[in-house]
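The structure appears below as structure tokens.
FYI, it's all coordinate maths here, none of it is from the lab. This is a predicted model, so every value here is computed, not measured. Reconstructed Cβ throughout: ideal geometry from the backbone, glycine too, with neighbour counts over all protein chains shown.
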């Protein structure tokens, strides 16, 4: 039985999963944190047990060595784990990579060339690939966040700036969280409640109009028609779009020029908009659970932050309903989308004109399964759903498919 090791390399962390791409069974899952700092840590779950360690992890080479030791401690040495491929998450594929790609030296060089498009993400992704190839002599496959949105319609991918400048500097809307949006939208299209709805209306899945909200610390929305993305909220970088944990989302570019004219350095503006804005910038708290607790206690800043967050979400859902010519399913996914019923009810509350409804009992019930949380209406009534995302499984399946060619 084959297994795939999925690596998600961040600037100071390495998330990993060993799983069976066919069944989806997760055998080992872990995270190594604070790489390159004085004190690192690793947490791993395997065989129903959790292993935790605190120790120095000076670089990614040591992180991969530590991963190997943790596998051995769990009774599954890397050499005996049956690993047939390693799937690597890469944030930005630019116009170069529009599908999962078998890694070789030329691919590594091409990903390096794309670093200017994602300087906060691609360098770490690249390091994970380079070190991973040294440790494991199996096929390595890069799976790109941008790939699902590679064929966005030109009207959605094009910024209204000078065409020659845009072409010279690769300025266009790429979209992100593509692995999640693809996985979730596919799960929605095959869900019994959705198939029943389509059948009752005499329609096929090719006509299904979805809006998917991937809401985590990073957040993005997509408009999907018959499985093909028609628009998405993130743009050239993951900064555009929705209000996020620490990112501003949509902002007038003139505000950036204003801050710089007032003496703020470009790097400081970058840090402000990516790491000190969003919910954190508005309230001092970037975690939705803590923000809700503050808002419920009467904190005015937290309440405003939550309402700004909901306002932006409703605006995008309404816009995407217009893009699609209507809406059949609104789906919530990722950490906030799957677990925060106040977010779901708050979004839907302002969208009744689209026929969207929420069932309070279903919405507040907890489940790890894909489910409908709207009031059951007639066949033409749109559905509101919660569908857990599984980016690791999606990466594993894509990596296995490429490795087997």
#### Entry: For region 123-261: rounded, prolate or oblate by the Cα gyration tensor [a/c cutoff 1.5]
oblate
#### Entry: Relative contact order [Cα under 8 Å, 6+ residues apart], region 1-60, whole percent
23
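Show me 164-172, 321-329 ranked by packing, highest mean number of other Cβ atoms within 10 Å first.
Per-residue mean Cβ counts within 10 Å order the peptides as 321-329, 164-172.
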### Task
Determine, from the Cβ-Cβ distance of residue 113 and residue 262 and an R0 of 30 Å, the FRET efficiency 1/(1 + (r/R0)^6), rounded to the nearest 0.05.
0.30
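Note the per residue figure in Å³ for the convex hull of the C-alpha positions in region 191-391.
Cα convex hull per residue, to the nearest whole number: 126 Å³.
For 306, 97, 135, 353, what's the fewest-to-most ordering of other Cβ within 10 Å of each Cβ?
Working: 306 24, 97 20, 135 15, 353 8.
Fewest to most other Cβ atoms nearby, the residues stand as 353, 135, 97, 306.
Where a ≥ b ≥ c are the square roots of the eigenvalues of the C-alpha gyration tensor, would you call region 286-400 rounded, which needs a/c under 1.5, or, failing that, prolate if a/b is larger than b/c, or oblate?
Oblate, since a/c reaches 1.5 and b/c is not below a/b.
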## Note on the structure
Mean separation of Cα contacts under 8 Å (at least 6 apart) over the residue count of the chain, i.e. the relative contact order in percent, is 15
### Query
Given a Förster radius of 41 Å and the C-beta distance between residue 12 and residue 196 as r, what FRET efficiency does 1/(1 + (r/R0)^6) yield to the nearest 0.05?
0.35
### Task
With r as the distance between the Cβ atoms of residue 37 and residue 308 and R0 = 45 Å, compute the FRET efficiency 1/(1 + (r/R0)^6) and round to 0.05.
0.85
### Message
I'd like the antiparallel share, as a percent to the nearest 5, of DSSP beta bridges with both residues in the chain.
### Response
70
### Summary
For region 3-144, averaging the sequence separation of alpha carbon pairs under 8 Å that lie six or more residues apart and dividing by its residue count, the contact order in percent is 24
### Query
Can you give the Rg and Dmax of region 3-144 based on its C-alpha atoms, in angstrom?
14.8, 43
### Gain in span if fully extended, residue 270 to residue 137, counting 0.36 nm per residue against the direct Cα distance
44.0 nm
### Task
Sticking with the crude label model, points 7 Å out along Cα→Cβ, report the distance from residue 203 to residue 161 in nm, one decimal please.
3.7
### Message
Could you tell me the center-to-center distance, by alpha carbons, between region 326-384 and region 104-168 in angstrom?
### Response
34
